[in-house]
1. For the stretch 1-48, what is the relative contact order in percent, using Cα pairs closer than 8 Å and at least 6 residues apart in sequence?
2. Determine which lysines satisfy two conditions relative to residue 188: a Cα distance under 21 Å, and not lying fewer than 8 residues away in the same chain.
3. Within the accessible area of the stretch 298-338, what % is carbon and sulfur when the probe is 1.4 Å and the other protein chains stay in place?
4. How big is the shadow of the Cα convex hull of the stretch 281-350, averaged over all directions, in nm²?
5. How much accessible area per residue does the stretch 441-561 have, in Å², with a 1.4 Å probe?
6. Compute the Rg to Rh ratio over the chain from the alpha carbon atoms, using the Kirkwood formula for Rh, and round to two decimal places.
7. Taking R0 as 60 Å, what FRET efficiency do you get between residue 560 and residue 65 from their Cβ-Cβ distance, rounded to the nearest 0.05?
8. Using the structure shown, select from 495/567; 273/703; 34/65 the pairs with a Cα to Cα distance greater than 23 angstrom.
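The values are calculated or read from the model by the stated rules, or taken from the named source; none is laboratory data. Predicted model only: the values in this text are computed from it and were never measured. Every residue, glycine as well, gets a Cβ built from its backbone with ideal geometry; the counts of neighbours run over all protein chains shown. These area figures cover heavy atoms from the full protein model, side chains too; ligands, DNA and RNA do not enter into them. Shrake-Rupley method; radii C 1.70, N 1.55, O 1.52, S 1.80 Å.
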Amino acid sequence: MANLLIVESPSKAKTLNKYLGKDFNVIASQGHVKDLPSGDLGVEIEKDFRPVYFVIKGKGKIIQKMKELAKKSDKIFLGPDPDREGEAIAVHISEELNVPQEKIYRVLFNEITKNAVINSIKNPQKLDMNKYQSQQARRILDRLVGYLISPILWRKVMPGLSAGRVQSVAVKLVVMREEEIRKFERKKYYEFDGVFFREMPDKFRAKLVSIGDKKVSVESEKEAQNIRNHIRQLSYFRVSAVNDSQRKKNPPPPFITSKLQQAAFNAFGFSAKKTMSLAQDLYEGMDIGDGRLEGLITYMRTDSVRVSEEAIRSVREFISERWGKDYLPENPNYYSTKGRSQDAHEAIRPTHVEYAPDSLREVLPRDHFRLYELIWKRFVASQMNPAVYAQRTVIIESGAYEFRATGSRLISEGFLKLFNLKDENGSNGENGEEANIPDLKAGDHLNLEDIEILEKETQPPARYTEATLIKELEERGIGRPSTYAAIISNIQDRKYVEKQNNRFIPTELGFMITKLLDKAFPEIMNPEFTALMEDKLDRIEEGEIDYIDMLKKFYSSFENMLRDAIKNFNAYRDELSVTDIRCDKCGSFMSVRVNKFGSYLACTNYPKCKNTKAFYRDEKGNVLLTRDRIIEGRFCPECKSELVVKDGRYGEFISCIKYPECRYTETLTTGIKCPENCGGELIKRKSSRGKVFYGCSNYPKCKFISSYPVVFERCPKCGAGYMFEKDTKKGGHFLECSNKKCKFKIRPEKEALSNEE
C-alpha cells in the first residue's frame with residue numbers, strides 16, 4: 001500500500017509529490033480543517049476552558065478524501081508547517097481521520113529540498129501535544145479577551161468594534177508615541193565646527209566638544225555668537241593628540257522573521273503581510289526553470305539565529321571558492337539569540353547556497369527575487385570576515401576650547417564585499433571619511449580659517465513605520481514571529497491606525513478605544529503583562545506549566561475586570577471624552593463621539609439636547625471646532641451659508657456649515673495641478689484602510705496617484721518636472737526627485753543630499 005502525506009498547502013503538496021514519487025499520495029488540507037465558531041465564544045469556561053471546534057464549512061469533501069486515502073495507506077504522515085499553528089492543523093486532521101494513532105506520524109520540513117524531505121520521512125515524530133496545547137491556549141486567551149470585551153465596546157461606543165489581546169496593545173504603542181509627539185517642545189541648540197589647516201589647501205573640519213571641563217551645550221544664539229567671536233580672536237591652536245586605531249564591523253546574523261520583515265519594509269516598502277506571503281512561496285517551492293520545483297529558503301517563521309553545521313560547511317566552501325580565503329574567517333561565525341527564543345527552527349537561509357541570486361534573476365517573479373536576494377546575501381555575509389576600518393581621531397586645543405575630528409577609511413572590506421546595511425535600509429551604516437584629515441602629529445600648530453555656528457533643533461520621536469513597530473513589539477516580547485503580520489494588518493483594517501507617509505498615526509477611534517480599554521482593563525493593556533503571557537505560552541510548549549492552570553489564573557482576575565468594566569464603562573467613556581467646549585444651544589459641555597463615518601462632538605445633555613458639531617485636533621491634540629476652519633470669502637451656492645473644511649471617511653472635503661440641514665458638499669483640492677497635465681488638481685484622500693494618498697480630481701480619466709505630497713520644483717539633476725515631499729526618521733524632511741532612476745534628494749533649505757542617503 002502507498003503511504004499518505006498530508007500537508008496544508010497545495011503548492012507545498014506539488015513540490016513534495018515530485019520528491020516522493022509513486023510510493024506516496026500527497027494531499028493538501030488547504031489550511032485548517034476545524035475552527036472555533038465565529039458567532040459565539042466557543043469556549044466552555046466551566047469545563048476547564050474546553051474549546052468547541054467544528055469542521056469548517058466547505059472542508060467536508062477534503063476530509064472525506066483524506067479519510068478514504070488514510071484507510072488504504074500503511075502509514076500516514078502529517079506535514080503541516082513546523083510551528084504551533086501547523087501542529088494544531090496536524091492534530092485536528094488526526095482527530096478526523098478515524099484511524100489507529102499508531103499509523104499516524106508527524107514530519108517537520110524545515111526546508112523543502114529532496115534530501116531534507118526524505119530525511120524527515122525516515123525520521124518521523126509523534127504529534128507534539130505540548131506545542132498543540134500552547135497554540136490552543138493562545139486561541140482561548142484571544143477568544144476570552146476578544147469575545148468578552150468587544151461586546152462592551154459594541155454597546156457603549158459603536159457597533160462592529162473589536163478588542164484583541166495583542167492588537168489592542170499594539171495600538172496603544174502607536175497612541176503612546178503620538179502622545180509623546182504632541183507633548184514634545186522643540187528647542188533650538190547650537191554646535192560649532194572649526195575649519196582648520198596646517199598648510200593650504202589641506203583644510204578639514206573639527207567639532208567643538210568642550211569648553212573647560214564642560215561638554216558644549218548652548219541654547220542661546222547670543223551665547224553662540226559670543227563663543228564664536230572669542231574663538232576667532234584666539235591665535236594659537238595645537239594638536240594635543242592623534243589616536244590611530246582599527247575598528248572591526250562584524251557581519252549581522254542571518255534573518256529571523258521580525259528582522260526579515262523590517263528589512264523588506266525598509267528596502268522595498270513591503271508590508272509584513274506581503275513579505276510573509278512571498279517567503280511562504282519561496283519556502284514551499286518555486287519554478288526555477290524547465291518546470292523544476294524547488295524550495296529555496298528554510299522555514300520563514302523563526303526567532304532563532306541558529307544554522308545547521310551542514311549549511312555552515314556549505315556556505316564556507318562557497319565563500320572560499322567565490323572570493324578566496326581572505327574573506328573567510330578561520331572558524332565559523334556563531335550567533336546567539338537575544339531573550340527567550342523557542343529555537344525550534346534554523347534562521348531563515350537559502351536551502352542551496354549555490355543558487356546565487358543572479359542564476360535565478362530571469363526565472364523568479366521580481367518581488368520574489370528581491371526577497372530571495374536579500375535572504376541569500378545576508379546569510380552568506382554572516383559567515384564572512386568582518387570589515388576593518390582604520391580610524392583616526394585628532395584632538396585640537398586652544399586655551400579652554402577642545403575640538404575633535406574623526407575620520408575613518410575602509411582597509412579590509414570583508415563581508416561588505418557582498419552585503420551592507422544599504423541593502424536593508426538605504427544606509428550602509430558607515431559615513432566613509434567623516435573628516436578629510438591630513439597627516440598630523442601631536443604638537444603641530446594649526447591655523448583657524450573660520451568657526452561656523454550650526455543651528456539645530458531637537459526632534460520629537462518618530463512615528464512608527466511597519467518596520468519600527470515590529471521592532472518595538474519584538475523588543476518588548478509582544479507577539480511571536482507568526483503573529484506580527486496579522487497584528488499590523490488588523491490594526492489598519494479596524495481603522496484604529498492609518499498611514500501617512502508610511503508612518504502610523506492613531507485615528508480618533510484608535511485613541512478613544514485605547515483610552516477606554518486602558519481605564520477598564522489596565523492589566524490586559526499593559527505591554528509587560530502581554531509579554532508575560534507570551535512567555536507562559538512558550539513554557540506551555542516546553543512542558544513547564546499546565547495550560548489549564550494558566551488559563552484559570554488569567555480568568556480569575558479577568559472576570560473581575562469584566563464585571564467592573566460593565567458597571568463603570570459609561571463613566572469611563574464620559575470622563576475621557578468630555579471636552580472644554582460648550583454647546584452653543586444649551587451651554588452644556590460637548591464630548592467626542594465616533595461612528596462609522598468618523599468622529600464628531602455631541603452635547604452631553606443628550607437626549608434633551610441633540611446638538612452636534614464637527615471638530616478637528618491641532619498638532620498638540622487640542623479639540624477645535626470646525627468653525628475655526630471656515631473658508632473665508634466662500635459661501636454655499638444653495639443656502640448662502642459659510643463653507644467649512646470637514647474631515648470625512650475618505651479625507652477632507654468642503655461642506656456647508658449648516659449640514660445636515662443643507663447637504664451641499666464639494667471636493668477639496670490641494671490647488672496643485674496634476675503632474676499628468678490633464679487639467680485636474682491633486683486631492684488628499686484616504687484609502688479604505690486609512691492610508692493617506694494624493695490622487696487627481698479627474699479620476700478615473702486620470703489615474704495619477706502618489707503616497708507623498710507633490711512639489712512643483714524641477715529636479716536640478718535630471719530635470720524632472722516635480723518632486724515628492726518626504727519625511728523620514730533618518731533623512732528628516734526633504735524633497736526627492738519623482739524620477740525613480742534619479743534618486744536626487746534636496747532639503748527645503750537647498751542643501752543637497754547624497755544619492756545614497
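1. 38 percent
2. 207, 214, 215, 222, 456, 620, 729, 730, 750
3. 42 percent
4. Dividing the Cα hull surface by four gives the mean projection, 6.2 nm².
5. With all protein chains present, the stretch 441-561 gives 40 Å² per residue.
6. 1.01
7. The calculated FRET efficiency here is 0.80.
8. Pairs exceeding 23 Å: 495/567; 273/703.
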